[in-house]
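The values are calculated or read from the model by the stated rules, or taken from the named source; none is laboratory data. As the structure is a prediction and not an experimental result, all values here were calculated from the model. So basically every Cβ, Gly included, is an ideal-geometry build from the backbone, and we count neighbours across all protein chains shown.
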Amino acid sequence: MYDIIIIGGGAAGASAAIFAAKNRRRTLLLDKGPEFSALGGISLASDMPGCENLSGTEILNRMKKQAVSFGAEVKAAAVTSCIIQESSKRIITNEPVTYETKTVILATGNMSQSDSHAYQGEKELWGRGVSHDAESNFHACKGISVAIIGKSATVAETALKVSRFADRVYWIIPASKLDVPQDLIDELEKQKKIEPLFSSSLKKINGTTEVSSVAVLTSGQEKNFSVKCVFLPPQQHKPITDYLNGIGIQTGPDGIILVSQQFETSIPGIFAAGNILCTKPQLNVVCAAQGTIAALNTEKYLN
């Protein structure tokens, strides 16, 4: 029997595995792969301290290696269901194998509720210059040209933030004008790095190993713009909890897992951390911190 099983190997899950194993607890991390986590989809992570010029996948691999060095086991498997009893908790995977544990940390994150591959080239270049999460990728924009798509005030604010780092921001706007506050429009007009492309649409993202350009339909013509990053419109996300199969964990609006200040769910011995707690991806450093706190509090539960 394990002391702790962590479901999900993103920033929250990998951090939890490090600290659980560091406390000499028998720890198992069940991870479908870095491509299923928010951090794994970042080409150049800038929101993890001490991880300059590393991709999200490289950071996660280092974190898992560190967890293993402390004694954790890491298995590539997807959890299909959970059976919760007072004395033990059983986790069933697609291997198919059933693992038994005293405590569980849920860290499976969240996923977009809409089509995440709506543009040609998006799927192939995801995490290699294409992202919905500009907040975690600002540093990757330093000294390059980028494209950003959308017409909302949120996208306008993101364009301004990106312009602090990028040499050029091609803003693809699917409307003839912006419906945003005037003070925001005034701020945008001051920023000469931003080139707004009104009544335009993204047709294709080009590149082989990384983004090289975008094809944009604008002013009745298709034009190519040389860019290295493409920020697609932010999306609403839903926590990934299907494997819990109605075990009775209390949830809030939009299916988010509700936890205490100790990151414990409504079922004793089951904790949750990271993007499973929200409908929008958090900063990866925040997810990592939550995973750490959850792991430290499983120690209190086990004692």
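Okay, here's what the table says:
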| item | result |
| --- | --- |
| Pick from the stretch 132-186, criterion of a type in the set (Lys, Arg) and within 24 Å of ASN206 (Cβ to Cβ), ranking: surrounded by the fewest Cβ atoms within 10 Å (Cβ to Cβ) | LYS142 |
| Strands (runs of 3 or more DSSP E) fully within the stretch 94-181 counting 2 or more residues that are more than 30 Å from TYR301 (Cβ to Cβ) and in contact with a strand residue (DSSP E or B) (Cβ under 6 Å, 6 or more places away or on another chain) | 145-149, 168-172 |
| Single condition ASN94 does not satisfy, out of (1) surrounded by 19 or more Cβ atoms within 10 Å (Cβ to Cβ); (2) in contact with a Ser or Thr (Cβ under 7 Å, 6 or more places away or on another chain); (3) over 25 Å from LEU283 (Cα atoms); (4) not charged (D, E, K, R) | (1) |
| Conditions (1) out of contact with any helix residue (DSSP H, G or I) (no Cβ under 6 Å at 6 or more places or on another chain); (2) part of a loop (DSSP other than H, G, I, E, B); (3) not hydroxyl-bearing (Ser, Thr, Tyr); number of the one not met by ARG90 | (2) |
| Given (1) touching a helix residue (DSSP H, G or I) at 6+ places or on another chain (Cβ under 9 Å); (2) surrounded by 13 or more Cβ atoms within 10 Å (Cβ to Cβ); (3) modelled with pLDDT under 90, number of the condition ASP254 does not satisfy | (1) |
| Residue within the stretch 111-119 that is at pLDDT 90 or above, among the aliphatic types (A, V, I, L, M) and out of contact with any Gly (no Cβ under 6 Å at 6 or more places or on another chain) present | no |
| Candidate set: the stretch 193-209, residues that are crowded, with 18+ Cβ neighbours inside 10 Å and among the β-branched types (Val, Ile, Thr); chosen: the one nearest to GLN221 (Cα to Cα) | ILE205 |
| Some residue of the stretch 52-62 being among the basic types (Lys, Arg) and over 15 Å from LEU106 (Cα atoms) | yes |
